[in-house]
Amino acid sequence: MRHKKSGLLLTAVCLLFGPCVFADHADLEERQQQLNKALDLVSPAVVAVTDRIGSGTGVVVSADGIVLTASHVVDVSRRFRQRRSDIKVVFPDGRTAKCRLLGMNRYCDAAMLKIIPRSANETFPHVKMGRSSEMNRGDWCFAMGHPGARRDDRPAVVRFGRVLSRSDQTIVSDNAIVLGDSGGPLFDMQGRVIGIHSMITRIIVENRHVAVDVWHRDWDRLRNGDTWGELQINDDEIASSSFVGVGLAWKDYRVRVNRVIDDSPAQRAGFRRGDIILEVDGRTFADRLGFRSLLIRKDKGQQIDFTIRRQGEQKTLRLVAGPMPPPRGDYDDPTDAEEEFAREFQRQLRFDRRVGPNEKRASRILRDYADVTQRSKGSIVRFLSEGEPIAFGVVMSDDGEILTKASEIGLADNPVCELPDGSQSRFERLGSDLTWDLMLVKVPASGLQPISWSDRAVSTGRLLITPNERGRPILPGVVGIPPLKLETASQGFLGVRLQDRYRGAGARVKSLLKGGAAMRDGIKEGDIILSLNGDDVTGFEDVIRRIKQFAPNEQIAIRVIRGDIIKTVRVTLTPRFVSDRDDVLLSHYFDERSSGKFASIHNSGFPQVIQHDTDLFPFQCGGPVMDISGRAVGLNIARAARIISYAIPAEQVLNVYRKLKEDSVASR
């Protein structure tokens with residue numbers, strides 16, 4: 001569910017905090033050890049929560065089977081013919097157990113389940129509950145969940161980040177979560193639950209979790225089966241309406257009054273420009289939505305006490321609420337607040353956006369990794385097209401052999417290679433492996449420094465850092481899933497978008513994907529596909545289903561109508577290089593207008609990948625990703641979704657390199 005302005009999403013079915021930082025590489029080791037220990041402790045208790053309609057995540061917090069999850073995952077009132085008895089949990093080892101829904105606090109998106117034991121003395125793996133009130137801005141934490149629903153080929157996915165804001169009912173973190181993660185746990189570094197995943201926006205660092213203190217406070221009501229409240233998912237600025245009458249400016253999750261509307265309740269209460277709002281009737285809030293959810297529960301004429309800070313002094317202003325604004329229609333003109341939000345959203349989506357002081361990407365955190373990435377200095381190049389960066393590359397030999405992302409180079413106009421010393425050079429293309437989307441090139445240079453590759457197995461929770469062409473740390477992350485094979489690697493792919501409302505015989509080609517088999521072998525936009533290998537097709541869904549059944553690199557005969565001519569085009573399919581898992585994507589990652597801007601055009605189909613939570617941009621692929629030992633564990637090959645980046649494991653990179661080099665020598 002998404003609000004048309006704010007982009008807030010439920011992640012279900014498919015203020016005065018001090019920073020906590022680490023100072024040097026020794027602390028990186030400590031952080032890694034803490035994370036490893038905590039993951040071992042908590043992983044058995046993280047469960048999938050399913051019913052007949054969809055799936056979310058939950059966590060077991062008691063030996064007798066109490067499960068915490070988000071209310072919107074299990075709220076039977078919103079489901080068609082759904083019964084409370086249809087809910088079950090799936091443990092990491094595949095065991096399932098039926099559950100009873102106990103209670104829900106919909107205001108906060110909190111729910112409690114109880115596993116139905118098979119015997120009187122059955123117990124369940126469980127974790128401890130922490131205290132969200134003890135968390136500070138900048139504290140490290142990690143998230144687990146089942147994005148896109150639980151799958152047998154992977155455990156719960158891990159993401160790593162920091163607390164950005166908190167209140168008595170919400171924690172905001174930069175642990176990126178998506179659809180299917182809802183109800184999953186946010187842990188502190190001791191493995192205690194501090195929050196439950198609730199909502200996201202399209203901005204990567206806006207991830208909302210229900211504070212675990214909500215369950216501490218409401219434990220008896222929830223355990224006894226009470227359900228109350230209504231979940232708020234819109235964060236439009238009712239504060240700027242006649243209900244309150246102030247314009248607000250948000251920065252690092254703190255809110256300041258930037259204007260007071262004449263003859264408004266706020267003006268009568270004594271608000272001034274520059275006031276910082278801390279509490280509403282004694283309740284704290286973590287972000288825009290939390291602030292709005294406190295106001296929306298008030299009525300016209302009700303007294304509301306605002307705690308503010310003005311010029312260093314804290315005081316209380318008592319306001320009498322005005323009339324609540326009517327709901328906005330879909331076609332209403334946007335307000336000033338909405339237009340400002342849209343501008344802020346566009347700024348936040350940029351790769352060079354302002355980074356908040358408590359994010360895992362903050363400059364003082366990146367300094368922790370400087371010694372690690374310094375070891376890659378001189379081993380990374382950058383490729384440019386028309387002066388704009390398109391990809392990184394990894395130095396493989398001292399005489400100028402470089403591996404990079406094939407599709408980005410192949411689709412670029414007049415690409416050049418920027419060497420570690422800043423000079424630019426043309427390059428020779430020695431060969432490409434389209435299955436892995438890797439290209440081997442050679443520049444006329446000597447004395448380059450080959451990257452040092454790791455020979456250690458990559459495990460879940462390994463801390464990672466992506467360096468730039470100068471060997472400086474730019475993007476921290478963590479291994480979310482150890483090396484796995486993508487289903488798309490065994491699926492043939494034509495590389496077309498088909499018109500879904502075409503009513504004639506066959507299927508009409510709406511557009512072609514860059515670098516796809518169709519574009520390469522002569523399919524044209526507007527062609528109507530009549531048959532595949534002599535078998536007639538019945539529509540666009542039939543084409544998609546049957547193309548997947550062919551193997552990559554298989555040649556097929558496609559009969560098409562082009563204008564008044566019927567002809568046969570022979571096409572050699574590629575692996576499915578575009579993810580078809582729309583449940584884990586957001587619109588700006590995969591719509592045609594944003595093609596290649598947020599997600600890589602070639603973002604799937606790789607035979608084996610390391611999945612990590614680094615928010616790469618496509619032009620930052622092609623270079624190494626390193627662990628804290630200072631060695632490259634893989635080559636970043638694609639950004640696939642909001643939280644999914646892929647790296648080819650070091651062993652496979654070296655195999656492809658050797659094969660491309662051998663083929664190049666043999667062809668000379």
Revision key, fill the gap. For segment 164-301, using Cα atoms only, the Rg and Dmax in Å read 16.5, 51
Review point. For the chain, which semi-axes, largest first and in whole Å, follow from the square roots of 5 times the eigenvalues of its Cα gyration tensor?
Key: 44, 30, 27
**Study point:** R0 of 22 Å, Cβ-Cβ distance L484-A63: FRET efficiency to nearest 0.05
**Key:** 0.10
Practice item. Determine the distance separating the Cα centre of segment 502-571 from the Cα centre of segment 175-253; give it in Å without decimals. Key: 46 Å
Review point. Any idea what the dipole of segment 9-228 comes to, in debye rounded to 20, about its Cα centre with Lys/Arg Cβ at +1 and Asp/Glu Cβ at -1?
Key: 1000 debye
Review point. In nm, to one decimal, how far is the D455 label point from the D263 one, both placed 7 Å along Cα→Cβ?
Key: 8.1 nm
Exercise for review: Against the globular-protein guess of 2.2 N^0.38 Å, express the Cα radius of gyration of segment 238-327 as a ratio, rounded to two decimals.
Suggested key: 0.96
Practice item. Have a look at L366, G623, F285 and report the one farthest towards the positive end of the charge dipole of the chain, computed about the Cα centre with Cβ charges (Lys/Arg +1, Asp/Glu -1). Key: F285
Exercise for review: Report the full-extension gain for the segment T96 to T316: residue separation times 0.36 nm, less the Cα-Cα distance, to one decimal in nm.
Suggested key: 74.0 nm
Study note, to complete from the structure: The computed P(r) of segment 9-228 puts the percent of Cα pairs beyond 21 Å at 49 percent
Point to revise | Difference of contour (0.36 nm per residue) and Cα-Cα distance, Q302 to T123 | key: 59.6 nm
Check your understanding: Given 0.36 nm per residue, what is the gain on full extension from R131 to R472 after removing their alpha carbon distance, in nm?
Key -> 119.1 nm
Check your understanding: Magnitude of the Cβ-charge dipole of segment 492-575, K/R +1 and D/E -1, about the Cα centre, nearest 20 debye?
Key -> 220 debye
**Study point:** Segments 30-36, 237-243 sorted - mean Cβ within 10 Å per residue, highest first
**Key:** 237-243, 30-36
Check your understanding: Just the Cα atoms of segment 492-575: what Rg and Dmax do they give in Å?
Key -> 11.2, 32
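Bear in mind these aren't lab numbers, they're just calculated from the coordinates by the rules spelled out. Computed from a prediction, not measured in an experiment: that's the story for all the values here. Every residue, glycine as well, gets a Cβ built from its backbone with ideal geometry; the counts of neighbours run over all protein chains shown.
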